[in-house]
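Here's the structure we're looking at; comments come further down.
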Amino acid sequence: MNECKRCLFTDDFAEIGEQQCEYCDIHDSLEAQSNPKEIGVMINKIKSSKSKKKYNCIMGISGGLDSSTLLYIAVKHWNLRPLVIHFDNGWNNEQAESNMKNLIETLGIDAIIYKVNADEYDQLNLSFLLSGTPDCDIPNDIAMTKLMYETAHKYKIKYILNGHCFRTEGSTPKGWTYMDAKYIKSVYEKFTNKKLINYPLFTFFDQIFYAIMGIKNLRPFHYMTIKERRKLEDEMKQFIGWKDYGGKHCENVYTEFIGSYVLPKYFNINKSIVYLSAQVRSQQLTKKQAKEQLKNKAQFDKSIDLSN
Ligand SMILES: [Zn+2]
């Protein structure tokens, strides 16, 4: 296997050029576009939109560190008026959920919690597990996307704030996931012989419709240095007395189960390679340190009760 000279990606899932891989190229082009002054421009744009409305932006919160920090900054540092939504798929980590509720309450903001139809949702997840494809956690991501846009449209909000950052999370290799509404429906129907009724599908029509409505997805962390972001993370943690709940993506027990058990065991995929490579590209880790960390593959905590 051929490895990228710069990060940990290999040619079984990434195209490798002479100097670096295609994902290092993406990183460099995002870095080149990252002007810290953009933050101010972004905040002004949000504030000037519908200034009399109760909310001027919308944010999803998972209970994880990234979305919690972004929410804290948006309210305390940028004085924005966000409406927060949380998609409760029934698998929240209790500690992460308690951090999230505490933050929402302390900031005194409005939040909508969407609960799934648990039977249908669990059958959808089971269908993906049975289908033998590596993207068994996409039902969560697609539902969250749909709920964000649908709620933004309902409340006439033009800006979605997204906590993703290429410097810490990177991009998932294309072959590992396929986000498409028809695909989700077909997997569910094949393994249950039923139609999806309650699950919030994000369709091709939705993509076009919300683009025409002018709803924009913004990623403020792209314009912030890692140092600045870590400082604000600590500030947020102190603000609510944040309690740790485990590693990345452990805020949701099911996501953790997929990432640290199903993918490594059945598909030889270790998602940590994506986060670690992102940190190598942004010089938070050396390649050698990242390789060391990759060896200590995340182990799923089997004491977690999956029977609910
Ligand atoms: Zn690379």
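The values are calculated or read from the model by the stated rules, or taken from the named source; none is laboratory data. Computed from a prediction, not measured in an experiment: that's the story for all the values here. Neighbour counts run over all protein chains shown; Cβ positions are idealised from the backbone, glycine included. Ligands, DNA and RNA are excluded from the accessible area calculation, which covers all protein heavy atoms including side chains. Shrake-Rupley method; radii C 1.70, N 1.55, O 1.52, S 1.80 Å.
Each row is one residue, and each column tells you yes or no for (1) farther than 30 Å from Cys7 by Cα; (2) free of Cβ contacts under 8 Å to residues at least 40 places away in the same chain; (3) surrounded by 19 or more Cβ atoms within 10 Å (Cβ to Cβ).
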| position | (1), (2), (3) |
| --- | --- |
| Trp176 | no, no, no |
| Thr192 | yes, no, no |
| Glu256 | no, no, yes |
| Tyr261 | no, yes, no |
| Pro264 | no, yes, no |
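In the set Glu105, Glu38, Glu3, only one residue is within 30 Å of Tyr199 (Cα to Cα) and not β-branched (Val, Ile, Thr); that residue is Glu105.
Anything in region 44-58 that is of a type in the set (Val, Ile, Thr) and modelled with pLDDT of 95 or more? List them, or say none. Listed by number, the list holds a single entry, Ile58. Of the helices (runs of 4 or more DSSP H) that lie entirely inside region 189-266, not one contains 1 or more residues that are on the phi > 0 side of the Ramachandran plot. What tally of residues in region 268-292 results from selecting those that are over 21 Å from the mean Cα position of the chain (by Cα) and either not in a helix (DSSP H, G or I) or not basic (Lys, Arg) (or both)? So the count comes out to 7. When residues in region 83-131 are screened for being of a type in the set (A, V, I, L, M), touching a residue at least 60 places away in the same chain (Cβ under 8 Å) and not in a helix (DSSP H, G or I), 3 of them pass. Here Asn35 meets the list (1) in a loop (DSSP other than H, G, I, E, B); (2) more than 16 Å from the ligand (Cβ to nearest atom); (3) in contact with a strand residue (DSSP E or B) (Cβ under 6 Å, 6 or more places away or on another chain) almost entirely, failing just condition (3). Summed over region 160-198, residues that are within 19 Å of the chain's Cα centre (by Cα) and of a type in the set (Ser, Thr, Tyr) total 5. Just one of the listed residues (Phe13, Phe9) is in contact with a Gly (Cβ under 6 Å, 6 or more places away or on another chain) and within 16 Å of the ligand (Cβ to nearest atom), and it is Phe13. For Leu65, state whether it is among the aliphatic types (A, V, I, L, M), touching a residue at least 60 places away in the same chain (Cβ under 8 Å) and away from the ligand (no atom under 16 Å from the Cβ). The answer is yes for Leu65. Inspection of region 47-60 finds a residue satisfying the criterion of being in contact with a His (Cβ under 8 Å, 6 or more places away or on another chain) and not aromatic (Phe, Trp, Tyr). Scanning region 266-293 for residues that are open to solvent by less than 30 Å² (accessible area, probe 1.4 Å) and over 17 Å from Ile138 (Cβ atoms) yields a count of 10. Of the residues examined, Asn44 is one that is within 17 Å of Leu161 (Cα to Cα) and either part of a helix (DSSP H, G or I) or within 16 Å of the ligand (Cβ to nearest atom) (or both).
The set of residues in region 1-29 that are hydrophobic (A, V, I, L, M, F, W, C), crowded, with 18+ Cβ neighbours inside 10 Å and assigned to a helix (DSSP H, G or I) contains only Cys24.
Is one or more of the residues making up region 97-107 among the hydroxyl-bearing types (Ser, Thr, Tyr), away from the ligand (no atom under 16 Å from the Cβ), modelled with pLDDT under 95 and touching a strand residue (DSSP E or B) at 6+ places or on another chain (Cβ under 8 Å)? Among the residues of region 97-107, not one is among the hydroxyl-bearing types (Ser, Thr, Tyr), away from the ligand (no atom under 16 Å from the Cβ), modelled with pLDDT under 95 and touching a strand residue (DSSP E or B) at 6+ places or on another chain (Cβ under 8 Å), which makes the answer no.
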